[in-house]
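Contents: one structure, followed by commentary.
The values are calculated or read from the model by the stated rules, or taken from the named source; none is laboratory data. Keep in mind that what you see is a predicted model, and the values were worked out from it rather than measured. Positions of Cβ are generated from backbone atoms using ideal geometry, with glycine treated the same way; all protein chains shown enter the neighbour counts.
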């Protein structure tokens, strides 16, 4: 596979570079001093920019062009007079050399706007893509359109990345509807109203921080075509199964994106495996639109009961569901200074999963085999409300107030057969989350900003687990028939911070923050074994405790800039006040630590970047790490904490180099990563066939080394996007199993990926790709390796302007399975017919046309291996209809 990828890379590179002419030169001042970072433009006779580049530190530039004829080369640099030179490019000459001598000027240049004959424009940090130019006419929602944009990747779970960075949000005409929960927008909003897709690099969530903070964030902004502004529009669609069991899909959208207000309403229900919502956690908890503190501090479930789905498959193949949701987001300017955003979400989802698992555990003298059959059902109800008020006190002062309330519950059941013994287990979970944030921002002298932040939240996460047949063998000296576990889990958080960012005259940046955070978590568990005669609560398997953490911290950083070189140093000092209390005892600790870090960025040229970082990271132990009793985590597993406070620490280093076209037509990046766990918590496990006990131990940890390569090419002439990726990871870790002493485990993984997506204006298009994964596990007891392969080919064909046909084929290969289980092939089909423009659309969709019933995967760990067979969504045919409207 690597040889295939290299061959394809060389082929496309050779074709692309074959007709290139190079325009080279030097830019100097009158005193013959080289001028760096000057913009060099190649323009045609109509003053349109065709190519663009920058001078390096030596004042040199080199620009490749495919054009022939008479042109003008123009050089711009702040503080100097603009200069132009004519040039005539012929096919017989492949290299031209120019010299520019610039005279000083007192005029101030405006922001440079680079517009190269559409479809891509560059203005400052914003890349703007013409949506119509990258649309093939087959897209339905925004997510489909984004997949065609060079540099943007939409992952299987709907997460969106630009180059290597996950985006912060997806906005519409500058307004954010769902923050990190943007999937509900991109999976439902029709793409036709979109005029431009803007990539906002160096993005700041707080508008007063723009131009002050050093940001590596990226956001997307969708601009709306003028004909869709100031009107209500939307669509309604419905589908029902033909000659198959009861299958249906219904969805509707209603929206208005006017200058005065914006509204987005979406509704959907289906039982065909579609996920039109995305990650609810991203919507509920990752609310970064307000600069605040305490991120990631919410509670996490102690117990889990999940119907595992094959992660290597596309989600809809194993998502056997019955889902319903409705969401409304409104943004209303109350006055010129006050804007209110209100978001509401209500969702219901039933999920079913069926799988069979065969596992072998082989550790030292311990060897056993287990067979499990799971028939899982989950019923989820969730509601969410978010109110954000933004008040512009003045042009340099802003007050933001955010309130979030989330209420949800899940009822999970599993009809489990374990080694021939049938039982029924149930887990009920309720979640209540209330979050209040207030942030005041004040900017002065145009370069200095202070943010005053405060936050308070409460989180309640009770759970109740029961199983009607005891499965743990002789772990307890009690003739148990069944068991249950009642969990009360509550947390409150309060914090305040003052955050200063001071930009210096030479553009150096001074940052410092001072704050205090207070965390209080309490947990009570009642674990019970019982039979018809009595109830027993085993000692050492209960907890009634509270964990309090006070964190007084000061953080500071300084960023130095010299021409094209930037270095940032940062230190975070924390004084902790830890307290862990139970009925029998109390523990306290007041550790102090400092987390230092340094990173650099060198713009070797305006399109070549060299970067690196190094940091030392100390981390406080959490509630479950300190807890000194066993807590039930699954039907046959318990975990126990360290029983004391300890700081873990690790070191991380990264170095990378990237090259990209100024309009993102191509990009290469190569990164090396290394991390060392100096002091870490690991597990000491006692594993038997029917049960597992795990407790935390403190050791010197292992290390991880990784190499990542990514590249992306957009071939403008043939309207194609080629992606080549590869990575390698090698890690070492330690654990202890069944009194083995510390065991050294090595894990290695190689991954190669190639994708080619076309957006021809012809009737035919395709998306083809292949991904190879090779993994190797080595432990003291055994060594195992396997290779998995995923190939796909999506073919699109358009007959006239009315009929679209799409066929999706997928092939999976698992090297360690039996020969008759290694290969899995899927075929999906969809045809749509439009009439009256595209006001009405009829469609026919077929899923899993080969009607594959099961899918088997193979997994290896340091204690053994397993194979799991999953039931798939059966074949169905869906007749669909869609109506688009405007009011």
| message | Between a residue in segment 274-293 that is at positive phi and not assigned by TED's automatic domain parsing to the domain that holds residue 169 and any residue that is modelled with pLDDT of 75 or more and not in a loop (DSSP other than H, G, I, E, B), which pairs come within a Cβ distance under 7 Å, given they are 6 or more apart or on different chains? | response | 278/181; 278/183; 278/184
| note | Counting only residues that are surrounded by fewer than 13 Cβ atoms within 10 Å (Cβ to Cβ) and either under 18 Å from residue 239 (Cα atoms) or in contact with a strand residue (DSSP E or B) (Cβ under 9 Å, 6 or more places away or on another chain) (or both), segment 816-844 contains a total of 5
| task | Might you let me know whether segment 141-163 holds any residue that is under 29 Å from residue 42 (Cα atoms), touching a helix residue (DSSP H, G or I) at 6+ places or on another chain (Cβ under 9 Å), at pLDDT below 90 and assigned to a strand (DSSP E or B)? | result | yes
| query | How many of the residues in segment 287-330 are more than 28 Å from residue 771 (Cβ to Cβ), modelled with pLDDT under 85 and surrounded by fewer than 16 Cβ atoms within 10 Å (Cβ to Cβ)? | reply | 2
| message | With the condition being closer than 30 Å to residue 560 by Cβ, I'd like the strands (runs of 3 or more DSSP E) fully within segment 420-502 carrying at least 1 qualifying residues. | response | 421-444, 448-460
| field | Enumeration of residues in segment 676-694 that are more than 15 Å from residue 745 (Cβ to Cβ) and free of Cβ contacts under 8 Å to residues at least 60 places away in the same chain | value | 676, 678, 679, 686, 692, 694
| said: Condition first: under 12 Å from residue 418 (Cα atoms) and under 36 Å from the mean Cα position of the chain (by Cα). Now tell me which residues in segment 356-369 satisfy that. | reply: 356, 357, 358, 359
| note | Only one of 357, 422, 351 is surrounded by fewer than 15 Cβ atoms within 10 Å (Cβ to Cβ), touching a strand residue (DSSP E or B) at 6+ places or on another chain (Cβ under 9 Å) and modelled with pLDDT under 95, namely 422
| field | Residues located in segment 13-30, provided they are assigned to a loop (DSSP other than H, G, I, E, B) and at pLDDT 85 or above | value | 30
| note | Condition set out of contact with any helix residue (DSSP H, G or I) (no Cβ under 7 Å at 6 or more places or on another chain) and not in a loop (DSSP other than H, G, I, E, B), scope segment 273-320, selection nearest to residue 432 (Cα to Cα): answer is 284
| said: Quick check on segment 33-46: of everything there that is touching a strand residue (DSSP E or B) at 6+ places or on another chain (Cβ under 8 Å) and modelled with pLDDT under 80, which residue is nearest to residue 120 (Cα to Cα)? | reply: 45
| query | Do any strands (runs of 3 or more DSSP E) lying entirely in segment 817-887 carry at least 1 residues that are assigned by TED's automatic domain parsing to the domain that holds residue 356 and without any contact (Cβ under 8 Å) to a residue 24 or more places away in the chain, and which ones are they? | reply | 823-835, 854-861
| query | If you check 723, 700, 717, which single one turns out to be surrounded by fewer than 18 Cβ atoms within 10 Å (Cβ to Cβ) and either touching a residue at least 12 places away in the same chain (Cβ under 8 Å) or under 30 Å from residue 863 (Cβ atoms) (or both)? | reply | 700
| remark: Residue hits (segment 155-180; more than 19 Å from residue 342 (Cα to Cα) and surrounded by fewer than 17 Cβ atoms within 10 Å (Cβ to Cβ)) are 155, 156, 157, 159, 161, 164, 165, 166
| said: Given (1) within 26 Å of residue 700 (Cα to Cα); (2) at pLDDT below 90; (3) surrounded by fewer than 15 Cβ atoms within 10 Å (Cβ to Cβ), identify the lone condition not met by residue 761. | reply: (1)
| said: Go through segment 337-362 and report how many residues are in contact (Cβ under 8 Å) with a residue 40 or more places away in the chain and under 26 Å from residue 402 (Cβ atoms). | reply: 10
| request: For segment 178-203, name all the residues that are on the phi < 0 side of the Ramachandran plot, assigned to a loop (DSSP other than H, G, I, E, B) and under 18 Å from the mean Cα position of the chain (by Cα). | output: 178, 182, 187, 203
| message | Return the residues of segment 437-449 that are surrounded by fewer than 20 Cβ atoms within 10 Å (Cβ to Cβ) and modelled with pLDDT of 95 or more; say none if nothing qualifies. | response | 438, 440, 442
| message | Of the conditions (1) more than 25 Å from residue 349 (Cα to Cα); (2) assigned to a strand (DSSP E or B); (3) in the same structural domain as residue 344 (by TED's automatic domain parsing), residue 223 satisfies every one except a single condition; which number is it? | response | (3)
| message | Regarding segment 656-667, can at least one residue be identified that is surrounded by fewer than 16 Cβ atoms within 10 Å (Cβ to Cβ) and either touching a helix residue (DSSP H, G or I) at 6+ places or on another chain (Cβ under 8 Å) or part of a strand (DSSP E or B) (or both)? | response | yes
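Restricted to segment 552-565, and to residues that are surrounded by 15 or more Cβ atoms within 10 Å (Cβ to Cβ) and free of Cβ contacts under 8 Å to residues at least 60 places away in the same chain, which residue is nearest to residue 517 (Cα to Cα)?
Among residues in segment 552-565 that are surrounded by 15 or more Cβ atoms within 10 Å (Cβ to Cβ) and free of Cβ contacts under 8 Å to residues at least 60 places away in the same chain, the one nearest to residue 517 (Cα to Cα) is 552.
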| request: Could you list all residues from segment 455-475 that are over 23 Å from residue 410 (Cβ atoms), in contact with a strand residue (DSSP E or B) (Cβ under 6 Å, 6 or more places away or on another chain) and in contact (Cβ under 8 Å) with a residue 60 or more places away in the chain? | output: 455
| field | Some residue of segment 231-248 being under 29 Å from the mean Cα position of the chain (by Cα) and surrounded by fewer than 18 Cβ atoms within 10 Å (Cβ to Cβ) | value | no
